1. So how many residues does region 378-398 have that are of a type in the set (Gly, Ala, Ser) and either on the phi > 0 side of the Ramachandran plot or not in a loop (DSSP other than H, G, I, E, B) (or both)?
2. Being surrounded by 21 or more Cβ atoms within 10 Å (Cβ to Cβ) and either within 36 Å of the chain's Cα centre (by Cα) or part of a loop (DSSP other than H, G, I, E, B) (or both), is that true of even one residue in region 523-538?
3. Collect the residues in region 720-741 that are under 18 Å from Gly689 (Cβ atoms), at pLDDT 95 or above and in a loop (DSSP other than H, G, I, E, B), keeping them in residue-number order.
4. Which condition breaks for Gly234 when tested against (1) assigned to a helix (DSSP H, G or I); (2) surrounded by fewer than 17 Cβ atoms within 10 Å (Cβ to Cβ); (3) more than 42 Å from the chain's Cα centre (by Cα)?
5. Kindly indicate whether Arg575 is more than 25 Å from the chain's Cα centre (by Cα) and at pLDDT 95 or above.
6. Name the residue, out of Val492, Val456, Val482, that is within 17 Å of Val730 (Cα to Cα) and either in contact with a strand residue (DSSP E or B) (Cβ under 8 Å, 6 or more places away or on another chain) or of a type in the set (D, E, K, R) (or both).
7. Do we find a residue being open to solvent by 30 Å² or more (accessible area, probe 1.4 Å), in a loop (DSSP other than H, G, I, E, B) and free of Cβ contacts under 8 Å to residues at least 60 places away in the same chain anywhere in region 216-231?
8. Scan region 399-447 for residues that are outside any loop (DSSP other than H, G, I, E, B) and open to solvent by 50 Å² or more (accessible area, probe 1.4 Å) and report the count.
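The values are calculated or read from the model by the stated rules, or taken from the named source; none is laboratory data. For clarity, every value in this text was computed on a predicted model and none was experimentally measured. Every residue, glycine among them, receives a Cβ derived from its backbone with ideal geometry; neighbour counts consider all protein chains shown. Please note that ligands, DNA and RNA were not included when accessible areas were found on the heavy atoms of the full protein model with its side chains. Shrake-Rupley method; radii C 1.70, N 1.55, O 1.52, S 1.80 Å.
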Amino acid sequence: MKKLFRWLLILALVSSVAGISAVGIAYLVFAPDLPEVESLRDVQMQVPLRVFSEDGKLLGIFGEKRRIPLAIDETPACLKEAFLAGEDARFYEHPGLDYQGISRAVWSLATTGERSIGGSTITQQLARNFYLTNEKTFTRKIKEAFLALKIERELDKGKILELYLNKIFLGHRAYGVGAAAEVYYGKSPGQLSLAQCAMIAALPKAPSRINPITSPERAVERRNYVLGRMQELGYIDRTAHDRAVKETDRAFYHGAIAEISAPYVAEMVRVRSLRMLGSEAYIGGYKVVTTIDSRLQSAANLAVSNGLEEYDQRHGYRGPEAQIDLTGMTATSDWLQALDPYRPISDLEPGLVIEAEDDLAVVYLRNGQTVALAMEDMQWAAPFVARDRKGQAPETVSDIMAPGDIIRARLHDDGEWRLGQMPEVEAALVSLDPGTGNIKALVGGYDFARSKYNRVTQSRRQPGSSFKPFVYSAALENGFTVASLVNDAPIVLEDSELERTWKPENFSERFYGPTRLREAMVKSRNLVSIRLLQAIGIADAREYITRFGFDKDELPANLTMALGSASLTPLSMARAYGVFANGGYLVEPRYIRRITDMDGNVVYETHPAILCDDCKPGEPGELDSTVEERAEPAFRPLSVDSESADVSGSIESTDRSLERFEIDYAERAISPQNAYLVRSMMMDVVRRGTGVRAMELGRNDLAGKTGTTNEQRDAWFSGYNNDLVTTVWVGFDNFDPLGRREQGGRAALPVWIDYMGTALAGIADSPPEVPEGLARARIDPESGLVVTLANEGTIMEIFQAGRLPPVQESSQGAEPDAPVQEDPYEIY
């Protein structure tokens, strides 16, 4: 017996020595290939690009992986405990390898003959996720074990758990518990219930196959297992366990939820960020703060959708989007399947007409609601015949729809659903601060999902009469005054550039004879604009108008330029109108304020140009009082080249890498006197001209100009005050006519009014200050000449000092003893 014991002891010692030797040899073999754990301390998670409004509202997320990194102390206790219960109950006890788990894996191999990956600790999973593959081989398991031991020696348990919870894949492109909480439940981790924490902790085993979206029943089984383990380990009591087990899981896929809808802006940021940062933009955790004001953006979205739908309904109902046979379709599941190909667009909900009688239709909506639509909910729906013609007004509901129709409905502010229709027409709206160029709101079309074409920046359309202010500005620069008479009479032009005879007309097809410039602007007289351009000279006018930011090649080298035949983007029009609004400076639009990295370091920042006449680089000068607070020095990181497609190397903290550069001063484009005079004419356009509808806003500081092109293919309104410049365009992408009477004042101006009514709420009504160098004088409205007699019918007009019209020699109908004004001028 002693001899047997001695042999067993020797065998054990030999086995131990052999085992230790084997482990040592294995370590010597695999150690050189093991990565350095130090890199885990500063590991950079692949976090997507996030885009925010100026006031911190999320506009969009871009990147293949959804990840929201959390510090360990930001992770809820129940979520940590759920993962420990489900994955590694002895995490705080083992040194990286759980020998009990390994024993189970060995026993499984011995009894079943199958290799198993069981027994992996959280540390081993971390090692695998960061450095190794998921292949089921002993070689990988050996490397994993050694690396886990190495990680445990160099990192504390809290850091290991934090890295694991942020790195692990949890299905549906969610990496880490922060992203999983958002993807499955639309919540932050701190908002999760106990059952939801357990569900997320149940995912690591097979996240693609067993998750609450792909296989909800199996996922609930796994969740309940985790809850059971939490109770066994004392993390929760029986009451909490039972309550969580009974909780119905309501997981569904939550995409990146934008708090404010600004998809066209978000896409602009994505493209710019990719050009600046390369592919790192999608994984580097960058945060882009834009210049967008969320309140104004929401107002712009609503104004565009309302305006286009109102236009669309004016022209009649085009019928259902589809018609299906309802035979045998009696269950809501059947109806949902029929509606599946149709998605909500701009809050227009798809619906299936289940019943339709003379006075009522029952409609099942894609969102699961059943609503009743009465005749008053579709009164507008006379049948569309052509753009300028509708059919007979409907008398009953059944005249409009029938069972099986796929229609659209919108929920209105009064809580009632009404028949809607997806507009075929499109629009663009851009609104910016004329003093800084900050874009405050931008809508590039009716719906981004329907069309990603950004009509604000990409669509070039003729602006029509909204281009005339630039011609008038050129005329004032070339000796004309606001009281100059120009003959509004027929004209026939043989233009070599046009290669045809051109007989332009006014929109009214009437002629009004000699007309003062102010009245010509107010009434948008085409013949006056053409004669002005003739008098100035096309070449000189083109050169002058480039001061507003237009490229010379964009401007036609013929007289049609006077009527807005150039092809221009809405953004370039808004920038140009900003010159009138800010007193004569050309300010470049901008939509990015700053970009910060994952640690909050500023890697790119923009500052608006300063409006200042007397400033020189390096000298403070006298700043415009409205922008004095914007005169802080601008900075740009050394490692970022904003014009290149790449970022060289890693982006360092701006505390070390920022480079000061000179303040950028805005270019003065036109004189403040010229800007004011043109603005005063456009204020009259709003008060009593083609833009008079804007007076319903009840303000006295608005100026603007309508624009309409031939056959009403484009409708425009560009308008402004001291605080905002907003341009609206409405038209068809295929250049179809909008229809008779659909001028800028009818199709585009209501969108502008709807938006500006909200945008200017709470902003003081502040007419522009009159700059120095202007004079007021009394004139005869018929001749445009200065008068010295206080006649009835004379009016006051404003001129640039030194450029007043001559004094009229006599006054028709003046009283013989009428007093003579010694000085008919008021100088500013």
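1. Here is the first cut: in region 378-398, the ones of a type in the set (Gly, Ala, Ser) are 381-382, 386, 391, 393, 398.
If we keep only those that are either on the phi > 0 side of the Ramachandran plot or not in a loop (DSSP other than H, G, I, E, B) (or both) too, we end up with 386, 398.
Matching residues across region 378-398 total 2.
2. Yes - at least one qualifying residue is present in region 523-538.
3. Asn721
4. (1)
5. It is false that Arg575 is more than 25 Å from the chain's Cα centre (by Cα) and at pLDDT 95 or above.
6. On the way: Val492 fails: within 17 Å of Val730 (Cα to Cα); Val482 fails: within 17 Å of Val730 (Cα to Cα).
Every option except Val456 fails the conditions.
7. Filtering region 216-231 for residues open to solvent by 30 Å² or more (accessible area, probe 1.4 Å) gives 216-218, 220-222, 224-225, 229, 231.
Among the residues that remain, those that are also in a loop (DSSP other than H, G, I, E, B) are: none.
No: region 216-231 contains no residue that is open to solvent by 30 Å² or more (accessible area, probe 1.4 Å), in a loop (DSSP other than H, G, I, E, B) and free of Cβ contacts under 8 Å to residues at least 60 places away in the same chain.
8. Restricting attention to region 399-447, the residues satisfying the condition of being outside any loop (DSSP other than H, G, I, E, B) are 399, 405-411, 417-420, 426-432, 438-443.
If we keep only those that are open to solvent by 50 Å² or more (accessible area, probe 1.4 Å) as well, we get 399, 411, 418.
Adding up the residues that qualify gives 3.
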